[in-house]
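Working notes, structure below.
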Amino acid sequence: MPEPSRYDRFITDFNAVEAHFKQALYGNKDAGDPGFRRLLDQYRRKFPRRITEALAREFGLLADVRNSLTHGEGKDGRRLAEPTETAIKAMKDAHDHLLQSPSVLTAFNRPKPYVVSPDMSVQQALREMYSQDFSQVPIYGDGGYEGLLTTNTIARWIAHQFETTDGYAADSTVGVVAKEFTEDTEVVEHAPRSLTVTGAIARFEAAIPRGAPLTAILISHSGKPSDTPLAIVVAADLPRLLAL
């Protein structure tokens, strides 16, 4: 069986992405031929957490390459343009990032996050955060997720204690400290265990225009706040996500 041509290698991956867009947007309905760029724009609007801005830009450039290839035939039917190996690799990488992106749980392979209860003392929680080098830990009570305890929150609490008790910081519970000293800008989202690396990056990107950057993503079996967390992904993990 002959090896597929460079053109076929590029077009096969491109068509798979286009088919994925159509299936996600229209299901089994006949969508006609809306054009790749329109599909891409619709997909980004409907599923902003599935595709990153960088990946969308890459697909836009690859669409230009596809257009050059499909319109590059001479009168005798011979192809006047062939994709370079660089273009083929870029198309395959973009295809795999969208359709075969590994789950965060698989890619990170990290232990379950340390969880604190609202009744735990801040002193105990802080000792554990220091020893484990955690900058934020989720708070879970009997009903599920109750908030995120961060080093910033603890620092604000300590500053308030010093201000009001003449330099002495009395212990308190995690629940009280989180309720009184957590800022609204510390935003947390919940996601199911199926969350992909690309999906996680897209979530962090989507939060930027809202003016409240995403602090953390808590991953659990179903993505419900009542579920026990399986992993936590924080903004500091972005370089590692982008490298996968």
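The values are calculated or read from the model by the stated rules, or taken from the named source; none is laboratory data. All figures in this text were calculated on a predicted structure; none of them were measured in a lab. Reconstructed Cβ throughout: ideal geometry from the backbone, glycine too, with neighbour counts over all protein chains shown.
Things worth noting here:
- In segment 154-184, residue nearest to Asp142 (Cα to Cα) [restricted to those that are of a type in the set (S, T, N, Q) and touching a strand residue (DSSP E or B) at 6+ places or on another chain (Cβ under 8 Å)]: Thr173
- Among the residues listed as Ile201, Ile232, the single one being assigned to a strand (DSSP E or B), of a type in the set (A, V, I, L, M, F, W, C), closer than 27 Å to His95 by Cα and touching a residue at least 12 places away in the same chain (Cβ under 8 Å): Ile232
- Residues satisfying the stated conditions in segment 1-59, i.e. β-branched (Val, Ile, Thr) and either more than 24 Å from Pro209 (Cα to Cα) or touching an Asp or Glu at 6+ places or on another chain (Cβ under 9 Å) (or both): Ile11, Thr12, Val17, Thr52
- Residue in segment 150-166 that is among the acidic types (Asp, Glu), modelled with pLDDT of 90 or more and outside the structural domain of Glu53 (by TED's automatic domain parsing) present: no
- Among residues that are surrounded by 16 or more Cβ atoms within 10 Å (Cβ to Cβ), touching a residue at least 24 places away in the same chain (Cβ under 8 Å) and out of contact with any helix residue (DSSP H, G or I) (no Cβ under 7 Å at 6 or more places or on another chain), Pro118 is not included.
- Within segment 204-229, if we keep just the residues that are assigned to a strand (DSSP E or B) and among the polar types (S, T, N, Q), the residue that is nearest to the chain's Cα centre (by Cα) turns out to be Thr215.
- Arg37 being charged (D, E, K, R) and under 24 Å from Gly199 (Cβ atoms): yes
- Where Thr196 falls short, out of the listed (1) within 16 Å of the chain's Cα centre (by Cα); (2) among the hydroxyl-bearing types (Ser, Thr, Tyr); (3) more than 13 Å from Ser103 (Cβ to Cβ): (3)
- Output for segment 162-196, where each listed residue is closer than 22 Å to Leu218 by Cβ and in a loop (DSSP other than H, G, I, E, B): Thr182, Glu183, Asp184, Thr185, Glu186, Arg193, Ser194, Leu195
- The one condition from (1) under 30 Å from the mean Cα position of the chain (by Cα); (2) exposed (fewer than 14 other Cβ atoms within 10 Å of the Cβ); (3) not aromatic (Phe, Trp, Tyr) that Thr52 does not meet is (2).
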